[in-house]
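Structure first, commentary second.
The values are calculated or read from the model by the stated rules, or taken from the named source; none is laboratory data. Everything numeric in this text was worked out from a predicted model, so none of it was measured. Heads up, the Cβs are rebuilt from the backbone with ideal geometry, glycines too, and the neighbour counts pull from every protein chain shown.
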Amino acid sequence: MTEPGVPLVDLALAHERVASQVRARFEEVLNTTSFVLGPAVTEFESDYATYSQARHCVGVGNGTDAIELALRSCGVGRGDEVIIPANTFVATAEAVLRAGADIVFADMTPDFLIDPASVADRLTDRTRAVIGVHLYGQMAPMELLAAVAGPGVIMIEDAAQSQGARRNGQRSGSIGLAAATSFYPGKNLGAYGDAGAVTTSSDEIAERLRALRNHGGVRRYEHGEFGVNSRLDSLQAAVLSTKLAVLDDWNSERQSAASFYHELLADDPRLTLPVSAPGNEHVWHLFVVQCEQRDAVLTDLNSAGIGAGIHYPSPVHLLPPFTHLGHSQGDFPVSESAADRILSLPIYPGIRPDQQVRVAETLQKSLSSMSVHH
């Protein structure tokens, strides 16, 4: 009999743990029939703002819209340059172009976070904003980015993979002028469909965000500017409120799982294990190791029923939609060499130690078979 597989993320297990509370909140929404921007959304926005140590949270349709609207609400648009890391999900780049601005890429440091020195090299008089992407569960060095960029440059957080993380004691979502997040189902705080939000402590930006997400106006049929239709719906807000109550507990389960992986894999010279940058409290959205012959190792893991993955197989500057920016292989060497070696191992709240042992053993067996073939 074959052992059951180990998924990369176990959404069924997560749902099982909150199912009865989610059903009760769904009933409330169904009874009020307030499905878009209703009381459930207002309640979640208020709770998530408090949780994120920000004054405001504005719920939107998804994380990509959140980044675009964060930029637009801060006045970033045509003629402006926005610096982003080359190693991020494509949405960060899409959102910059959708806001009308130009993308400038920067490289990363070996801990996968945007490199302030690389940002410093790419500043011009058109640089309007820098997006610090909090990757894999830990925060980008926002204070170092702000220091190299100078006071005229806006700091935006892409906080989609870091709900609950802290840097120097400050929560993800509370440091930039605005912070965009995604509640895609696999995130640390995940909805049951697409959803996102922007947090900010500026009353003016929050007011603009509320208009932009709702066709450019907060009152019906009053449209002060060109907006979009990107609203958080009440059923998703109900799910998010339920899970927000257990997010810290779930994050600490991720932290325990990450330290167990470190224990299991620490003595293997064939692997580079992930590290937390100084000052960061990591919430381990992903557990990303690096190894040689990654594609072959990934195939072995998947064949053995282990749900491993790659986040992300290509840096954004090498993807077809961005070739017009004129970059080639070698422009961002740290991001490029990591892209060939990174491997995400299963991690989620409730992953069992025996499952992690199985992942570690399968991984090490694969690495050993690679060295035999060479």
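Values for this structure:
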quantity	calculated
Some residue of segment 147-158 being closer than 15 Å to TYR48 by Cα and either buried (at least 20 other Cβ atoms within 10 Å of the Cβ) or not hydroxyl-bearing (Ser, Thr, Tyr) (or both)	no
The listed residue being outside the structural domain of HIS134 (by TED's automatic domain parsing) and without any contact (Cβ under 8 Å) to a residue 60 or more places away in the chain, out of LEU363, LEU345, LEU319, LEU298	LEU298
Verdict on SER252 being outside the structural domain of LYS187 (by TED's automatic domain parsing), outside any loop (DSSP other than H, G, I, E, B), free of Cβ contacts under 8 Å to residues at least 24 places away in the same chain and within 24 Å of LEU367 (Cα to Cα)	no
Among (1) of a type in the set (S, T, N, Q); (2) more than 23 Å from PHE89 (Cβ to Cβ); (3) in contact with a Pro (Cβ under 7 Å, 6 or more places away or on another chain), the one test that THR362 misses	(3)
From THR33, THR42, THR50, residue being assigned by TED's automatic domain parsing to the domain that holds SER230, among the hydroxyl-bearing types (Ser, Thr, Tyr), in contact with a helix residue (DSSP H, G or I) (Cβ under 9 Å, 6 or more places away or on another chain) and free of Cβ contacts under 8 Å to residues at least 40 places away in the same chain	THR42
Among residues of segment 191-213, those that are surrounded by fewer than 21 Cβ atoms within 10 Å (Cβ to Cβ) and within 17 Å of the chain's Cα centre (by Cα), counted	3
